[in-house]
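The values are calculated or read from the model by the stated rules, or taken from the named source; none is laboratory data. In this text the structure is predicted, and so the values were computed from the model without any measurement. Reconstructed Cβ throughout: ideal geometry from the backbone, glycine too, with neighbour counts over all protein chains shown. Each accessible area value is taken on the protein alone, full model and side chains, heavy atoms only, with ligands, DNA and RNA left out. Shrake-Rupley method; radii C 1.70, N 1.55, O 1.52, S 1.80 Å.
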Amino acid sequence: MDKLQIKIPAKVNLGLDVVGKRKDNYHDIKTVMHSINIYDYLTFEKSEKIVITCNNDEVPRDENNIVYKCIKEISTLKSDRDLLSVHIEKRIPVCAGLGGGSANGAAALIAYNKIYNLDLSKDQLCEIGRKIGADIPFLIHSGAGMCEGIGEKIRPIYPYIPSYIVLCKPDFGVSTKFAYDLIDNATDLKRPDFTALMNGLLNSDRKKLKKGLINVFEPFVVEKYPEIRYIKDKFEKLDAVGVQMSGSGPSVFALFDSLEKAQYAYEEFFKEYNTVFLTNFTESDNSLLTYELR
């Protein structure tokens, strides 16, 4: 196999807590993540050097790209001349709290493994990926999971979740490092109730779901970017089942229990914002990646 196309999904955080900072400067977290039906499409081809092209000018083409780092890392198992060129068709918003960069890194590891016939398991790919980015292991598996450690300890879950999501990203980005810097010295953090969250998801209990939908970053990021609060308030007025900022922000997603409500909310937000999606959660069977051989 010389060429491969992969589509790989974004993720959202349904409750996110930061447990503490580690000696290696990573942070231990606890979060429920779920992949959603917003995808990047990446085309990989055998190459003697790493070449990255992309339809989005915000994405770096050099060693600062997480795809570059992942290819470089996994190629140590093969040869420094057995590399990949990649074109990234970017549809997941950048610096949005949706794991787009990590998704691309996950795709790069999966592609290299297949193209060069390394026969590595998902767990082995995750072990490589965790050195590069904390969200990469989850995005290699995708589906839904409770993630702990730096994100590499994944317990798959199969929750019931209302089917319709409207997601809005305001016209600015928030870096993960910036968000962590905001909370590193903070006290009295508002933390999610994961028991309530899981009960709410599994039993479609609106009250418990709202209690669990807490992102520890949110109060600090909202203080710097109050537009996020405006977006959340507007979703709540539109009768969302639950509303949450994802990851380090600034994207906000809302869960709706009917397509009609979701469609109306999408149309209302599209009047004000350029980046709005009407979507849903991916199937929770961890078989989400589509490979197209060329």
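Worth pointing out:
- Counting only lysines at least 8 places from Lys114 when in the same chain, those with an alpha carbon closer than 18 Å to its own are Lys3, Lys7, Lys46, Lys49, Lys69, Lys72, Lys78, Lys122.
- Those aspartates and glutamates that a straight Cα-Cα span of less than 18 Å connects to Lys131, excepting residues fewer than 8 apart in one chain: Asp24, Asp28, Glu63, Glu73, Asp123, Glu148, Glu152
- Average accessible surface area per residue within the chain, 1.4 Å rolling probe, Å²: 45 Å²
- Degrees between helix 227-237 axis and first principal axis of the chain (Cα, 0 to 90, nearest 10): 60 degrees
- Over 23 Å (Cα to Cα) - which of Lys207/Lys271; Lys11/Lys271; Lys177/Lys207; Lys169/Lys232 fall in this group: Lys207/Lys271; Lys11/Lys271; Lys177/Lys207
- Two-site FRET efficiency, Leu189 against Thr76, from Cβ-Cβ distance with R₀ of 35 Å, rounded to 0.05: 0.35
- Stretchable slack from Asp62 to Glu260, in nm (0.36 nm times residue separation minus alpha-carbon distance): 66.9 nm
- Degrees between helix 194-203 axis and first principal axis of the chain (Cα, 0 to 90, nearest 10): 90 degrees
- Only helices enter the 222 nm calculation for the chain: every DSSP H run of n ≥ 4 contributes -39,500 (n - 2.57), and dividing by all residues gives -9000 deg cm²/dmol, rounded to 500.
- For the chain, with all protein chains in place and a probe radius of 1.4 Å, 45% of the accessible heavy-atom surface sits on carbon or sulfur.
- Neighbourhood charge, 13 Å Cβ-Cβ cut-off, centred on Lys224 and excluding it, Lys, Arg +1 and Asp, Glu -1: -3
- Under 13 Å, Cβ to Cβ, from Tyr273 - net charge with Lys/Arg +1 and Asp/Glu -1: -2
- Packing-based ranking, highest mean first, of 243-251, 267-275, 145-153 given that Cβ atoms within 10 Å are counted: 243-251, 145-153, 267-275
- Cα shape, the stretch 159-254, gyration tensor, a/c 1.5 rule: oblate
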